[in-house]
Amino acid sequence: MRRLVAVLLIVVLWGAGLLAFADRVIDSTPADEPEAAADAIVVLTGASDMRIKEGMRLLERRKGARMLISGVNREVTRDELLTVTEGNKRLYECCVDLGYEAQTTLGNAHEVAEWAKAKGFKDLIVVTSDYHMPRSLLEIKATLPGATLHPYPVATPSLDARAWWKSGSGSRTLVIEYSKYLAILGRDMLLSVKGLFSKDKPQTDAATTQRAGAASEGSAS
């Protein structure tokens, strides 16, 4: 009986969390215009080209000095991507960098971190899809601690966020993304706990050594 109650409680909590996650996605768009310019803009590629187009519009409005498009398909040339951005060619050629290594959100985070560190950028506008933003921020924060991240979520054309439960594909998208988000939260919590223990261990060892030294001096006297 207790096991059944525990399972039901977990299901209820998971469901409540999913609804809160969905509300967060719904309320995130349309994104507010950044009040001040950041150091740079990073765009995480995906199924929709709207991410890249919005990132380019932010760059044209001088919301960042430079832009990285992370996770570009290796078969896509720089000139072909210019057409997708629908942006200014001169600005694109001078101020847009392409990342071809990332194939996952974690890969995006590492690619963004390496690029930002190399350029000395610590204040970034992050552009990705609305449902993808929460997990993306977690991953980038983990790989680039200390950086200031400004989310700029883009509505997903294929997802009706306000009626996601009415669509099989919409429900599947949000449920899968929410589950991945929880997995990243769990990973970060475990790493934090592990970090606390690893910090405590040297202090314990030091205290033990100090006591041993004091005992040795006492016996010598």
Given the condition under 21 Å from Ala36 (Cα atoms), part of a loop (DSSP other than H, G, I, E, B) and of a type outside the set (A, V, I, L, M), answer yes or no: does some residue in the range 142-164 qualify? yes
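Just to confirm my filter: which helices (runs of 4 or more DSSP H) fall fully inside the range 33-140 and include at least 2 residues that are in contact (Cβ under 8 Å) with a residue 24 or more places away in the chain and surrounded by 22 or more Cβ atoms within 10 Å (Cβ to Cβ)? Write out each step before concluding.
Working: elements: 50-60, 78-85, 89-95, 105-119.
Hits in the range 33-140: 50-60, 105-119.
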Of the conditions (1) loosely packed, with under 11 Cβ neighbours inside 10 Å; (2) modelled with pLDDT of 90 or more; (3) small (Gly, Ala, Ser), Gly186 fails just one. Which one is it? (2)
Could you check Trp164 against (1) surrounded by fewer than 21 Cβ atoms within 10 Å (Cβ to Cβ); (2) of a type outside the set (D, E, K, R); (3) closer than 24 Å to Asp27 by Cα; (4) modelled with pLDDT of 95 or more and say which number it fails? (4)
Any chance the range 40-60 includes a residue that's hydrophobic (A, V, I, L, M, F, W, C) and at pLDDT below 90? yes
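Can you give me the number of residues within the range 18-32 that are open to solvent by less than 50 Å² (accessible area, probe 1.4 Å) and assigned to a loop (DSSP other than H, G, I, E, B)? So that I can check it myself, show each step before the final result.
Here is the first cut: in the range 18-32, the ones open to solvent by less than 50 Å² (accessible area, probe 1.4 Å) are 18, 21-22, 25-26, 28-29, 31.
Imposing the further condition that a residue be assigned to a loop (DSSP other than H, G, I, E, B) reduces the set to 29, 31.
Final tally of qualifying residues: 2.
The values are calculated or read from the model by the stated rules, or taken from the named source; none is laboratory data. This is a predicted model, so every value here is computed, not measured. Don't worry about glycine lacking a Cβ; one is built from the backbone with ideal geometry, like all the others, and counts go over all protein chains shown. Just so you know, the surface numbers come from the protein's heavy atoms only, side chains and all, with ligands and any DNA or RNA stripped out. Shrake-Rupley method; radii C 1.70, N 1.55, O 1.52, S 1.80 Å.
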